[in-house]
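The values are calculated or read from the model by the stated rules, or taken from the named source; none is laboratory data. Source: prediction; values computed, not measured. Because the Cβ atoms are built from the backbone with ideal geometry, glycine has one as well, and the counts that use them run over all protein chains shown. Ligands, DNA and RNA are stripped out before the accessible areas are found, and what is left, the full protein with its side chains, is counted by its heavy atoms. Shrake-Rupley method; radii C 1.70, N 1.55, O 1.52, S 1.80 Å.
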Amino acid sequence: MSNIISIIQGLLVIVPALISVAFVTISERKVMASMQRRVGPNAVGYYGLLQAFADALKLLLKEYVAPTQANIILFFLGPVITLIFALLGYLVIPYAPGTFISDHRLGIFFMLAVSAIATYGILLAGWSANSKYAFLGSLRSTAQLISYELILSSVLLLVILLTGSLNVITIVESQKAVSLLLPLLPLFIVFFIGSIAETNRAPFDLAEAESELVSGFMTEHSASIFVFFFLAEYASIILICILNSILFFGGYLSIIVFSIISLLDLSREDTLFHVLISIISSSPINLAVKTSILVFVFIWVRASFPRIRFDQLMSVCWLVLLPITIAYVILLPCVVSGLLINPVNISLL
Amino acid sequence: MGVPFEALLPFGIIIGSFTVGGAGLWAVRKWDNEGKMPRWNKDKWDRQMMERDLRITGTKRGQSSNHEAPKGFELSNPWKIEKRIF
Amino acid sequence: MTTTTFFLFLMPILAIILLAVNLILSPHNPYQEKDSAFECGFHSFLGQNRTQFSISFFIFALLFLLFDLEIVLVYPYVVSAYTNGIYGLVIMLVFFLVLTLGFAFEIGKNALKIESRQVYNFNYKSWSGYSLIYN
């Protein structure tokens, strides 16, 4: 019985994730079409909504090409690793209070580690293909991912300083009064730039720059292993948007509904309406709306900015963003200690 | 051209699927946990207390106000008392 | 089997299923031209890959290792800032000061620069403080 419950819980997390991966691809194409005054895909299904499924089906039925000069095992293992570790991050996401698969006390560390291991998949895939475009693409991608991961982890450090716990749900619940966007606005901007670069999105998609490297580290990959890269890229976009909304927008908490409750003093009454509004104030729909808005911003950024050069990319990371975050890492503990507002970590007392 | 509503349809589906999945997970976990929400960020003390409640009442989240400890609770550990060989 | 364990097993199963569907259902008709490395033009040349690459990538990886280690070493302070108090803060600041000085030294040595042939480079000329962004 408990096994069946475990399976249902796992499927309830992973199926919406895969469905939204499919619809993020189609929404990217539709939104970019609208921004460029085109129609976009509109043939498959109503308004082209089933285009992503048609693409996936087509790619799954394509011939797989295993190049003779490649290391075949690593060639197939790289995309698999990327997909597995891009999807494993959904393990620690809280959808509502008490609604999570794993309540790990080091949940944020788990997310960081899993997104870091996905880099190895790209490195393996690019190196094992034994093609110069794939090799150069994987080199660039690895350098970019590890550089921007530094920024992500140091911003995370400051979030943890203000919330006092590595547990994801504690981080969300500690934003009940005010979401961390307000005290950490500059860091949110840095984190958002870092997360765009971490997911290899335009304008930082140097790893798969079509005009110079044919398709980057996945030049030689075809059929289902290409689908793996595709799924992993969009799954990590959604995951990092969820991470953004958890860290800076209060995750599943709705600040607006909370302020309505406190303004109208609704919390004391006990009718059905008030119970309903208190359920809505911390429910999965808030997380979903915040995540979708952030995904839209990702697509908007892609449609707006031209691609930058690789040396500019690395310079922006190491010479602009990293000094800013390091300055904050030095400043913020001093401010917090000076004002004596250190959060108490209960598990240490 | 107005607002291209077609481009917003996939976002609606994303929001819908995440909401349905989250609500389903919420329902399953609540049902699995005897109608209460699961506790989060449990430390060692919490786990020990939950295990003690399990031994006293027989259910995961049950609590008892009975001042007499049930049978088998004479020693504060869950293992059976082994007989001494010599 | 707990839910976490099941979830950890679900992902590889999903990947293997997708891979198996592809390997079973798709046609497979290889020949030499198809299986050679991608190249625009006629024949691909072996031996252009797995050779030397720019040393900058290695330096970035090395610096990433250093800085990531540094960040990871600060995490224990951050979760116990209340317990450690001002003493822990001072120790953390000293630790960070040393590494920041090292970082400034690396910037001054132009270790973080990737060679580019473009004239209007982001950090084209030598480092001169304020002209970081504008030249």
Report task. Could you list, in sequence order, all residues of the range B:1-34 that are open to solvent by 50 Å² or more (accessible area, probe 1.4 Å) and assigned to a loop (DSSP other than H, G, I, E, B)? Result -> B:M1, B:G2, B:V3, B:E34
Query raised in the report: Can you list the helices (runs of 4 or more DSSP H) found entirely within the range C:10-114 that contain at least 2 residues being of a type in the set (D, E, K, R), facing chain A (nearest Cβ under 9 Å) and more than 19 Å from the chain's Cα centre (by Cα)?
Result: C:32-35
Report task. Evaluate the following for A:A134: is it over 22 Å from C:M11 (Cβ atoms), in contact (Cβ under 8 Å) with a residue 40 or more places away in the chain and of a type outside the set (D, E)? Result -> yes
Requested in this report: Would you check if there is a residue in the range A:278-291 being in contact with a Cys (Cβ under 8 Å, 6 or more places away or on another chain) and open to solvent by less than 30 Å² (accessible area, probe 1.4 Å)?
Outcome: yes
Query raised in the report: If we keep just the residues of the range C:81-126 that are under 18 Å from A:R309 (Cα atoms) and β-branched (V, I, T), which is modelled with the lowest pLDDT?
Result: C:V119
Requested in this report: Say whether the condition of being touching a Ser or Thr at 6+ places or on another chain (Cβ under 8 Å) and within 12 Å of chain B (Cβ to nearest Cβ) is met by at least one residue in the range A:299-322.
Outcome: yes
Report task. Check whether at least one residue in the range A:330-348 is within 30 Å of C:I55 (Cα to Cα) and free of Cβ contacts under 8 Å to residues at least 24 places away in the same chain, and report yes or no. Result -> no
**Report entry** Hits in the range A:30-50 (condition: of a type outside the set (G, A, S), open to solvent by 40 Å² or more (accessible area, probe 1.4 Å), free of Cβ contacts under 8 Å to residues at least 60 places away in the same chain and more than 9 Å from chain B (Cβ to nearest Cβ))
**Finding:** A:R38, A:V44, A:L50
Query - Answer from A:T68, A:T82 - the residue that is touching a Phe, Trp or Tyr at 6+ places or on another chain (Cβ under 8 Å) and in the same structural domain as A:I240 (by the TED database) - result: A:T82
Query raised in the report: Can you pull out the residues in the range A:335-347 that are at the interface with chain C (Cβ under 7 Å from one of its Cβ atoms) and open to solvent by 50 Å² or more (accessible area, probe 1.4 Å)?
Result: A:V344
Query raised in the report: Just checking, which of A:G126, A:G164 is at the interface with chain C (Cβ under 8 Å from one of its Cβ atoms) and more than 18 Å from the chain's Cα centre (by Cα)?
Result: A:G164
